[in-house]
Amino acid sequence: MAESAPPRNRMVEVQLAGRGIRDRRVLDAMAEVPRERFVESGFEEFAYEDCALPIANAQTISQPYIVALMSEAAELKPADKVLEVGTGSGYAAAVASRLAGTVHTVERHEDLARIAAQRLAALGYDNCIVHTGDGTRGLPQEAPFDAILVAAGGPTVPDVLKAQLAVGGRLVIPVGDFENEQSLLRITRLSETKYAEETFGAVRFVPLIGEHGWAEDGTRSASNHVPGRTRFRSLPEMIGAAIEPLPDFDDPTFGGFLDRFAQSRVVLLGEASHGTSEFYQARAAITRHLIEKHGFKIVAVEADWPDAAAVDRYVRHRTSRGTRERPFERFPTWMWRNKDVAAFVEWMRKHNDAKPASERAGFYGLDIYNMRSSIAAVLASSTRWIPTPRR
Ligand code: SAH
């Protein structure tokens with residue numbers, strides 16, 4: 001489809017080559033396969049965004065970057081015989097079919113398999129054969145394979161799939177203890193009995209459901225059953241897994257902890273308490289570090305713009321407009337009228353004192369809840385605004 005070539009080429013350049021996909025054959029295959037033909041109707045305009053998209057049966061068409069990463073990791077060669085588990089839309093199988101000799105792809109949902117087969121046939125990709133069934137068992141009648149690509153995440157690497165690799169063959173598979181959290185692994189068969197394992201980082205796939213994957217109810221299924229284990233994590237478990245304790249402010253590691261944000265343009269600081277002294281102190285310490293060490297110049301807060309503007313004038317040593325209203329008089333006053341914020345504001349003023357005006361860090365409110373003051377401030381500023389005439 002000629003009209004989709006520019007966005008597809010842009011995707012290849014920006015999302016794939018730009019993020020480290022180097023294999024020229026993979027990039028060419030991704031530039032060749034029309035992804036818009038594999039998305040659900042209505043989603044065509046998103047076909048070249050780098051994201052997974054919903055397809056029928058609560059499944060997804062994989063994100064282009066992941067398809068490219070898996071194809072590259074599998075090192076597909078023109079004469080290779082490939083097995084894909086999890087046909088879904090058929091897109092990744094289509095890409096593999098441009099890189100390999102034959103692709104067998106297995107899907108457990110019959111209707112997805114049928115539609116994918118139609119799409120692949122319509123594009124003339126006739127070296128791609130779609131099967132319906134449980135792909136965790138592989139496809140013994142077609143084995144051995146030079147490469148096996150698994151497009152859904154299971155709790156372990158199924159031995160059955162390893163056994164269906166040719167010597168020298170590569171199995172690329174996401175594996176993890178929980179739904180939505182896996183590592184992408186490449187298992188290479190070195191000999192009849194030896195395998196090497198490498199990891200390609202964290203990924204997120206839909207669950208691999210079958211005899212050697214998860215059971216429908218989220219428990220591990222027959223071949224790797226562990227009583228009480230499911231692929232679902234509770235909310236506290238998810239928080240527990242993601243959390244990193246913040247060092248004390250005077251701990252020498254405190255700054256190092258934040259240096260990872262040095263190159264960021266925007267750092268979001270959030271909390272759930274809406275007001276504890278500990279949080280306000282931590283927020284101030286983090287912000288001070290980002291301003292002082294990494295040159296951040298805008299503190300944008302969830303507060304009324306005209307009220308924050310009064311603080312901004314103070315910290316940037318600008319003249320007051322002499323409004324009669326005292327800032328931060330409205331609910332919830334404690335969020336900004338407190339000792340910790342006052343100390344931070346004093347620090348900003350002092351920090352700015354030594355700097356030229358253009359280098360000073362400012363304090364800005366993002367909200368206009370305080371409608372009356374906001375309207376007054378807009379009107380006051382618009383009297384000084386001279387519009388450029390339009391021609
Ligand atoms: N490669 C696909 C992405 C598919 S999402 C694409 O590019 O569109 C993963 C697919 O794996 C889903 O369609 C899901 O139904 C399927 N699946 C999950 N477990 C499976 C199994 N045991 N056998 C075959 N397919 C399976």
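The values are calculated or read from the model by the stated rules, or taken from the named source; none is laboratory data. All figures in this text were calculated on a predicted structure; none of them were measured in a lab. Note that we place each Cβ from the backbone using ideal geometry, even for glycine, and neighbour counts take in every protein chain shown.
Here the condition is being farther than 20 Å from residue 354 by Cβ and in contact with a strand residue (DSSP E or B) (Cβ under 6 Å, 6 or more places away or on another chain); of 272, 300, it holds for 300 alone.
Per this entry, residue 313 is not counted among residues that are basic (Lys, Arg) and either exposed (fewer than 14 other Cβ atoms within 10 Å of the Cβ) or not assigned by TED's automatic domain parsing to the domain that holds residue 378 (or both). Looking only at residues in region 39-91 that are more than 7 Å from the ligand (Cβ to nearest atom) and aromatic (Phe, Trp, Tyr), the one that is surrounded by the most Cβ atoms within 10 Å (Cβ to Cβ) is 48. Residue check: residue 142 meets all listed conditions (1) outside any strand (DSSP E or B); (2) within 14 Å of the ligand (Cβ to nearest atom) but one, namely (2).
This table checks each residue for (1) at pLDDT below 95; (2) assigned to a strand (DSSP E or B); (3) not assigned by TED's automatic domain parsing to the domain that holds residue 145.
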| position | (1), (2), (3) |
| --- | --- |
| 22 | no, no, no |
| 25 | no, no, no |
| 29 | no, no, no |
| 42 | yes, no, no |
| 54 | yes, yes, no |
| 70 | no, no, no |
| 83 | no, yes, no |
| 87 | no, no, no |
| 93 | no, no, no |
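Here is the figure for region 165-186: residues that are aliphatic (A, V, I, L, M) and within 13 Å of the ligand (Cβ to nearest atom) total 2. Checking each residue in region 187-211 for being within 16 Å of the ligand (Cβ to nearest atom), among the aliphatic types (A, V, I, L, M) and in a loop (DSSP other than H, G, I, E, B) picks out 206, 208. In region 122-133, is there at least one residue being under 29 Å from the mean Cα position of the chain (by Cα) and either near the ligand (Cβ under 8 Å from one of its atoms) or surrounded by fewer than 24 Cβ atoms within 10 Å (Cβ to Cβ) (or both)? No, that holds for no residue.
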